[in-house]
């Protein structure tokens with residue numbers, strides 16, 4: 001079979017480029033070391049004789065700003081001019097470009113900066129020290145007498161100066177220091193400063209290349225008809241009518257359904273509509289939302305696995321006194337990325353080339369190798385820009401679509417999903433049913449707390465946690481809640497009815513932050529105490545929770561009078577290595593319409609590399625969280641998702657967006673995550689404000705405005 005993409009084209013990067021990216025082969029260190037005029041002390045950076053620094057960015061750009069923060073970190077430690085730093089997106093090569101913490105080339109969990117910061121700094125510091133040594137050798141002076149500044153090495157006593165580009169050959173011959181001395185924060189020129197996003201101009205002008213934009217010579221476009229029921233399979237199909245449509249090139253069965261391949265997307269869709277498919281719907285066809293709720297409620301009355309047990313909560317609760325009870329429910333949610341799932345693959349006997357907006361380049365390579373029988377090094381994965389990730393693009397189902405279809409038809413194929421495909425065939429945030437009981441002492445403080453969570457476990461379903469054990473994601477932000485309560489019992493009942501689960505932005509804390517921060521608010525009200533002060537009094541053993549809570553309360557002028565009809569709510573949650581808190585200012589109209597006027601958000605993420613990006617992530621998290629709080633609800637009928645597009649799976653509109661006031665607490669601690677910690681505190685802060693305004697407690701999401709109507 002002829003290879004349709006030449007090696008020269010791939011090396012040139014002419015077929016797959018992102019904003020500011022050049023896609024090319026990742027050359028091994030030894031090969032770079034033998035390249036004249038290139039100084040490459042490691043796989044992360046190289047410098048040419050013109051002094052241009054080229055760094056390899058392994059973290060896919062999905063809106064979080066990796067194309068800006070990565071060069072900031074390396075330029076700072078290298079003492080290079082930021083404007084002289086170019087970025088290449090890493091190809092899939094888990095040996096060279098693996099995450100140093102997870103050991104995989106896959107990105108989720110807000111791991112971009114927090115997992116790579118030290119490694120990138122060391123890579124750049126090693127290069128800096130080698131350049132200093134090369135200059136010192138050239139001048140015949142002690143290395144202690146030279147220093148670096150903005151792309152040059154300077155000998156202070158004499159003022160002699162050599163640009164980095166002049167030193168590449170000599171530096172390349174030196175040994176690489178394994179433990180170079182890193183800069184102290186007072187020496188940073190970029191880290192901690194607001195830097196404009198590099199990807200913004202190309203996004204604004206439309207030059208950025210996303211997966212949907214990829215064009216390959218001879219490329220066809222595929223669309224897949226999928227079983228409407230989760231887990232269903234093709235029993236038989238008739239493609240006669242589909243093949244009669246002009247432009248339809250082929251119809252093939254693949255793992256996820258029946259693929260119609262055509263000259264263009266519209267024709268492929270017409271072919272899909274003409275297919276006649278008989279499905280084996282499987283056992284999930286018996287599952288509906290009403291069934292799930294009944295099963296959850298029944299399970300909530302049964303003892304669960306003990307996730308945490310301190311003191312004797314059951315004894316204290318049984319003793320009587322003031323005991324509060326509540327049930328909180330959250331629904332299944334879909335990621336709803338603005339760019340629907342897609343991938344382009346070109347499979348030949350010699351190689352497989354993939355262009356995809358993926359969070360999982362390593363998994364993409366491994367999957368394609370398995371499907372094609374090729375060794376991994378023959379699978380080239382070009383990561384394009386991602387039109388939203390949120391965890392959804394860590395899955396590999398859309399990669400399987402493209403590889404299998406291309407292999408079947410013997411041509412490069414871009415497989416495109418519709419919005420309806422996305423909504424109805426996703427991987428969903430778990431729906432859960434949560435039972436609470438708490439006893440208050442004579443001072444109104446909780447003397448005992450009991451929570452039983454009922455719902456499925458993502459990690460167990462995906463085979464990343466053992467069946468029969470407690471799924472860590474299911475109890476995250478509950479098992480490790482910060483409040484100092486002497487008697488505490490947390491239980492979990494695994495109830496999985498076959499709905500495919502996914503890592504939705506902030507995962508466990510996205511719903512568990514809501515239930516914990518809502519119930520603690522109930523306790524404060526029952527005790528007749530201020531919700532902020534109540535939390536504050538219980539955070540004596542959690543100083544970083546307390547500090548970020550105090551920061552947002554102060555910046556929101558907690559306790560000060562508000563305009564008539566407005567009320568405040570507050571929440572604080574730890575997730576992904578960061579501490580976040582939010583104060584919401586809300587009003588509720590007599591007809592039940594809720595208006596969020598202002599969110600005051602705070603985050604302690606340790607070290608904030610680019611404060612501008614931190615604020616953007618918190619603002620984006622607020623949009624995502626408000627969308628879920630007001631509209632997010634995936635319901636199931638006979639194994640089928642009932643929602644299909646943005647008319648019935650709504651997004652927050654621009655006129656609904658509140659002012660978001662973001663404050664960063666620089667604690668000097670190790671860096672935490674940024675993409676996800678902005679989500680968990682928003683829904684509880686808003687719902688607690690709704691209670692403060694109306695006296696009505698929201699215990700089930702999304703918010704039902706009809707229940708907030710006042711006569």
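Structural remarks
- Reported count of residues in region 148-168, each being surrounded by 14 or more Cβ atoms within 10 Å (Cβ to Cβ) and in contact with a strand residue (DSSP E or B) (Cβ under 8 Å, 6 or more places away or on another chain), is 13.
- Search result, residues across region 210-225 that are in a loop (DSSP other than H, G, I, E, B) and either at pLDDT below 95 or surrounded by 22 or more Cβ atoms within 10 Å (Cβ to Cβ) (or both): 214
- Of everything listed in (1) outside the structural domain of residue 268 (by TED's automatic domain parsing); (2) part of a strand (DSSP E or B); (3) under 31 Å from the mean Cα position of the chain (by Cα), the single unmet condition for residue 120 is (2).
- Close pairs from region 654-665: first within 19 Å of residue 606 (Cα to Cα), partner at pLDDT 95 or above and surrounded by fewer than 18 Cβ atoms within 10 Å (Cβ to Cβ), Cβ under 6 Å, at least 6 apart: 663/555; 664/611
- Any hit, region 581-590, residues being in contact with a helix residue (DSSP H, G or I) (Cβ under 7 Å, 6 or more places away or on another chain), surrounded by fewer than 19 Cβ atoms within 10 Å (Cβ to Cβ), more than 22 Å from residue 679 (Cβ to Cβ) and in contact (Cβ under 8 Å) with a residue 12 or more places away in the chain: no
- Considering region 303-321, the residues that are in a loop (DSSP other than H, G, I, E, B) and within 34 Å of the chain's Cα centre (by Cα) include one that is nearest to residue 495 (Cα to Cα), namely 304.
- Filter pass, residue 293 being part of a helix (DSSP H, G or I) and within 17 Å of residue 405 (Cβ to Cβ): no
- Residues in region 319-351 that are crowded, with 24+ Cβ neighbours inside 10 Å and more than 22 Å from residue 633 (Cβ to Cβ): 342, 343, 344, 345, 346, 347.
- The residues of region 666-690 that are part of a helix (DSSP H, G or I) and either assigned by TED's automatic domain parsing to the domain that holds residue 184 or in contact with a strand residue (DSSP E or B) (Cβ under 7 Å, 6 or more places away or on another chain) (or both), listed by number, are 682, 684, 685, 686, 687, 688, 689, 690.
- Identity of the residue in region 342-358, outside any strand (DSSP E or B) and either more than 29 Å from residue 621 (Cβ to Cβ) or in the same structural domain as residue 644 (by TED's automatic domain parsing) (or both), that ends up nearest to the chain's Cα centre (by Cα): 351
Table: residues versus (1) farther than 21 Å from residue 444 by Cα; (2) touching a strand residue (DSSP E or B) at 6+ places or on another chain (Cβ under 8 Å); (3) not assigned by TED's automatic domain parsing to the domain that holds residue 454.
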| position | (1), (2), (3) |
| --- | --- |
| 509 | yes, yes, no |
| 514 | yes, yes, no |
| 524 | no, no, no |
| 541 | no, no, no |
| 549 | no, yes, no |
| 561 | yes, no, no |
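- Some residue of region 134-142 being in contact with a helix residue (DSSP H, G or I) (Cβ under 8 Å, 6 or more places away or on another chain), outside any helix (DSSP H, G or I) and farther than 20 Å from residue 49 by Cβ: yes
- Every residue from region 44-89 that is under 20 Å from the mean Cα position of the chain (by Cα) and assigned to a strand (DSSP E or B): 57, 89
- Members of region 468-488 found to be in contact (Cβ under 8 Å) with a residue 24 or more places away in the chain and over 18 Å from residue 509 (Cα atoms), listed by number: 469, 484, 485, 486, 487, 488
The values are calculated or read from the model by the stated rules, or taken from the named source; none is laboratory data. Quick caveat, the model's predicted, so the values are computed rather than measured. All Cβ positions, glycine included, derive from the backbone under ideal geometry; neighbour counts span all protein chains shown.
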